[in-house]
Amino acid sequence: VENSRRALAVISAAFYDFPASKLKVIGITGTKGKTTTALMLSSVLSQNGISCGYIGSNGIEFAGNRFETRNTTPESLDLHYYFDQMVKAGVKAVALEVSSQALYLDRTYGIPFFVTAFTNLAPDHIGGAEHPTFEHYRDCKKKLFSDYTSEFAVFSATDEASEYMSSDCRALISTFGLEKGDFSASEITPFFDGGALGIEFECRALTKKCTVSLPMPGRFSAENALCAIAIAHRFGVGVDAAAEALAH
């Protein structure tokens with residue numbers, strides 16, 4: 001069965017002339033934060049001259065188009081179809097939410113990722129038709145970093161599972177987190193502006209610092225923003241430019 005699923009993924013890619021090889025694919029996995037991080041990243045890259053699509057729980061978005069999805073990560077044939085449509089529309093990158101089920105069922109098999117990212121891990125999606133145990137759920141997520149190739153990988157500096165997730169990763173690694181990591185946040189302060197809740201924080205990106213004003217509340221939002229900033233950095237987008245985009 002596993003070989004059949006993988007064969008279907010390869011045939012799907014070949015049918016559309018391997019469109020993922022013509023995009024810089026960013027694979028984001030984790031229990032929480034995938035959707036917000038991917039949408040933030042897509043916006044940051046697009047606002048900085050790198051047309052970026054999005055595929056995940058919130059649907060499929062690229063070049064002014066929007067489509068609904070049944071799964072967080074579509075089946076392989078649908079996935080490569082939309083990759084192909086993005087390439088034809090001139091899109092250069094895609095932020096893809098990679099679910100544990102997608103990795104378990106080989107929907108993303110054979111995709112050459114440019115960046116992979118891990119947000120966090122908590123017990124979820126266990127039982128029924130999903131994962132039999134927490135360990136199975138965890139190990140399916142780890143496949144994104146151990147079984148797939150990517151040039152770069154981004155991991156949470158504060159989640160205990162990051163050490164396990166990154167143990168077999170061969171990509172160039174950077175980290176993010178509140179108070180610690182290559183990309184970190186401090187002095188997180190909530191604000192209320194014109195009816196909108198948000199947070200402001202000091203971001204340290206490697207050796208550079210800047211203030212990020214984010215129009216959404218919660219410390220977890222700062223973590224999601226840091227992950228997006230860290231990934232955008234691998235595309236040559238500086239922290240000041242990323243902060244300007246996140247403000248919108």
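Accessible area per residue of the stretch 130-214 at 1.4 Å probe, in Å²? Display every interim value, and only then the final one.
Values: 4380 Å² over 85 residues.
Heavy-atom accessible area per residue stands at 51 Å².
The protection proxy used here, the mean number of other Cβ atoms lying within 10 Å of each residue, ranks peptides 40-52, 134-146, 66-78 as follows, highest first: 40-52, 134-146, 66-78. Three principal axis extents of the chain based on alpha-carbon atoms, in descending order, are 51, 40, 34 Å. Pairs of Cα atoms nearer than 8 Å and 6+ residues apart set the relative contact order; for the chain it is 19 percent.
The number of Lys pairs in the chain with C-alpha atoms less than 20 Å apart, excluding pairs fewer than 8 positions apart on the same chain, is 15.
What does the convex hull of the Cα atoms come to per residue for the stretch 105-248, in Å³?
Details: hull volume 18.8 nm³, N = 144.
It comes to 131 Å³ per residue, whole-number rounded.
Here the sum of -39500 (n - 2.57) over DSSP H runs of 4 or more residues, divided by the residues of the chain, equals -10500 deg cm²/dmol at 222 nm, to the nearest 500. Over the stretch 1-102, Cα pairs under 8 Å with separation of 6+ residues give a relative contact order of 38 percent.
The stretch 204-223 and the stretch 48-105 have Cα centres spaced 26 Å apart.
At q = 0.12, 0.13, 0.17 Å⁻¹, what log₁₀ I(q)/I(0) does the stretch 11-124 have when each alpha carbon counts as one equal point scatterer in the Debye sum? Per q value, in the given order, log10 I(q)/I(0) is -0.36, -0.42, -0.74. Just to be sure I understand: with springs between alpha-carbon atoms less than 10 Å apart, which residue in TYR164, TYR54, TYR148 has the highest mean-square fluctuation in the Gaussian network model of the chain? Evaluated over the chain, the most mobile residue of the options is TYR164. Each peptide among 121-127, 240-246 gets the average number of other Cβ atoms lying within 10 Å of its residues, and from highest to lowest they stand as 240-246, 121-127. Using a simple spin-label model with pseudo-atoms 7 Å out from Cα toward Cβ, ARG5 and THR207 lie 4.6 nm apart. Compute the signed sum of charges (Lys and Arg +1, Asp and Glu -1) over the other residues within less than 12 Å, Cβ to Cβ, of ALA93. Here the count lands on +4.
The values are calculated or read from the model by the stated rules, or taken from the named source; none is laboratory data. The model shown is predicted, which means the values in this text are computed figures rather than measured ones. Cβ atoms come from the backbone with ideal geometry, glycine included; neighbour counts cover every protein chain shown. These area figures cover heavy atoms from the full protein model, side chains too; ligands, DNA and RNA do not enter into them. Shrake-Rupley method; radii C 1.70, N 1.55, O 1.52, S 1.80 Å.
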